[in-house]
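The structure appears below as structure tokens.
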Amino acid sequence: MTRTGFGYDLHRLARGRSLILGGVAVPFEKGPVGHSDGDVLSHAICDALLGAAGLGDIGTHFPDTDPQWKGASSLLFLEHTRELLNGRGLRIAHVDAVVVLEQPKLGPHFAAMRRSLAAALNIAPEQINLKAKTSEGTGAIGRSEAIAAYAIATLEP
Ligand code: MG
């Protein structure tokens, strides 16, 4: 049976934090506030994968009350999720995601993000598609007060 899962995440942005997306540091004046590195793209993908596998959500597996995840690279969440999927005989066929932010432009960083995410998930970069959208200047995202990501994952036996 082919299975699909959906994931979403949002973090507030603040000065003095690094903007990490898909495990890649993107130069910007602000970064996400979070217990881990606040990588919204990795978090949304993680939730999509867990959802497709019927394994709940990221908060269940990596609670933000657990000191071992403080400041952790979110790629570790993806690596751990990959192991959970492997243990159930599930293979990642494809991941598609969109990051919603006002600035900066992410296009120049997508190749590095896909390589980084693919390495964490032990798949090929061609199995990951990344996109970016702005909020047309509206709301918290439009004021660069927040960043969000949506992802969908397809698993096969
Ligand atoms: Mg998050």
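All Cα-Cα distances of the stretch 109-157, cut into 5 Å bins from zero to the largest, leave 5, 16, 22, 19, 15, 12, 9, 2, 1 percent in each bin in turn.
Taking the protein heavy atoms of the stretch 9-157 in the context of the full set of protein chains, the accessible area attributed to carbon and sulfur is 51 percent at 1.4 Å. Annotation: residue 131 carries an accessible surface of approximately 80 Å², with a 1.4 Å probe and no ligand, DNA or RNA atoms counted. In the context of the full set of protein chains, residues of the stretch 1-128 present 47 Å² of accessible surface per residue (probe radius 1.4 Å, heavy atoms only).
Distance from the C-alpha centroid of the stretch 64-140 to that of the stretch 14-39: 13 Å, rounded to the whole angstrom. Each Cα pair under 8 Å and six or more residues apart adds its separation to the average, and for the stretch 3-156 the resulting relative contact order is 34 percent.
From largest to smallest, the equivalent ellipsoid semi-axes obtained for the chain from the alpha-carbon gyration tensor read 25, 17, 14 Å.
Annotation: the antiparallel percentage among DSSP beta bridges lying fully within the chain is about 80. Please identify the DSSP H helices in the chain that span no less than 15 Å along the helix axis (Cα) and have a mean Kyte-Doolittle hydropathy of 0.5 or more. Qualifying helices: 40-53, 110-121.
Accessible surface of residue 61, taken over heavy atoms with a 1.4 Å probe and every protein chain present, rounds to 60 Å².
The values are calculated or read from the model by the stated rules, or taken from the named source; none is laboratory data. Predicted model only: the values in this text are computed from it and were never measured. Quick note on the areas: whole protein, heavy atoms, side chains included, nothing else; ligands and nucleic acids left out. Shrake-Rupley method; radii C 1.70, N 1.55, O 1.52, S 1.80 Å.
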